[in-house]
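Colleague: Sharing a structure with you now.
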Amino acid sequence: MAAWTIILINESLTIITGEENMGEFESVKLQVLNACRALVTSGYLIATGGNVSVRAMEQAAFAITPSNFDYMQMSLTDICVLDYDLNLLEGAHKPSMESGMHAGIYQARADVNAVVHTHQVYASALALINVPIPALFDEQVLFLGRSVDIIPYAPSGTNSLVDNVVRASRNHHNAYIIQNHGALCFGPDMRRAIHNTQVLDKCSLAYLLALCTGRETSTIPVEIQEMMFARLREDQKKLEMDGGNA
Ligand SMILES: [Zn+2]
């Protein structure tokens, strides 16, 4: 039995930690569960939309949210664990219909260990007008990449969507907008994937507001873009060299 510690952060957000006697996949399942609670509380995950996963290091597997499940009713045993061929290793429920997308990302990107897919509103608005976000802010390029590109639409849960996502992800960016669908953020860990989700939200809203003025929007200088992106790539390359499980 794991020794769980329940920490009540506030009335709606409970973080569970369990360091002792963790099962093979308990740690990554816990990270998924805690991320969902934080993302629901902050409004990025809405109703049963979106999905969240964490790579199980050295296992060629990942923990992911179950399909069509109320995030606030979710417990550790409800989280699914899949290998990259989408075989169910743990979990009693049907895994997220976007599991193939997550598996594709982990195989294509050795630097990515956590994936957050949301239907967050401001990025979704850009998904409707099919407008990518250029390099607006220093921290945007440092954490998300040189731009937030639009991944072409394909129906949810299809191989076409997986192909579109994997193809787009090869530019080493950490945030994308899926056309007529929502947002997709990566991180070397879940803490950074959530952080990137927040940065994307801020950039999406700021850009939408700027577009609404009808005035021309300015971007940061190209040499600063290159400098910031080089720093991001430096961190990613360390993980790519350590990788080997992608
Ligand atoms: Zn979705």
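Colleague: For a Förster distance of 45 Å, can you work out the FRET efficiency between the beta-carbons of Glu226 and Thr77, rounded to the nearest 0.05?
Modeller: 0.45
Colleague: Follow-up. So if the hydrodynamic radius of the chain is defined as the Kirkwood radius over C-alpha pairs, what does Stokes-Einstein give as its diffusion coefficient at 4 °C and 1.567 mPa s, in µm² per second?
Modeller: Once the numbers are plugged in, D ends up at 71 µm²/s.
Colleague: Counting DSSP beta bridges in the chain, what percent are antiparallel, to the nearest 5?
Modeller: Around 90 percent of the beta bridges assigned by DSSP in the chain are antiparallel ones.
Colleague: For the stretch 36-135, how big is the tail of P(r) above 22 Å, as a whole percent of Cα pairs?
Modeller: 34 percent
Colleague: Figure the gain on full extension for Glu58 and Arg167 (residue separation times 0.36 nm, minus the Cα-Cα span) and round it to one decimal in nm.
Modeller: 36.8 nm
Colleague: Name the helices (complete DSSP H segments) of the chain with a Cα length along the long axis of 20 Å or more and a Kyte-Doolittle mean of at least 0.0, or state none.
Modeller: Long hydrophobic helices here: 26-41, 190-213.
Colleague: Hey, can you rank 166-174, 220-228 by average C-beta count inside 10 Å, highest first?
Modeller: The most tightly packed comes first, giving 166-174, 220-228.
Colleague: If one computes the Cα centroid of the stretch 100-155 and of the stretch 173-235, what distance in Å separates the two points?
Modeller: 8 Å
Colleague: Follow-up question, since we're still on this one. Pulled fully out, how much extra length does the chain show between Ser218 and Lys202, if you take 0.36 nm times their separation in residues and subtract their Cα-Cα distance?
Modeller: 4.1 nm
The numbers here are math on the coordinates, done by the rules we state, and not lab data. Computed from a prediction, not measured in an experiment: that's the story for all the values here. As a convention, Cβ positions derive from the backbone with ideal geometry for all residues, glycine included, and neighbour counts pool all protein chains shown.
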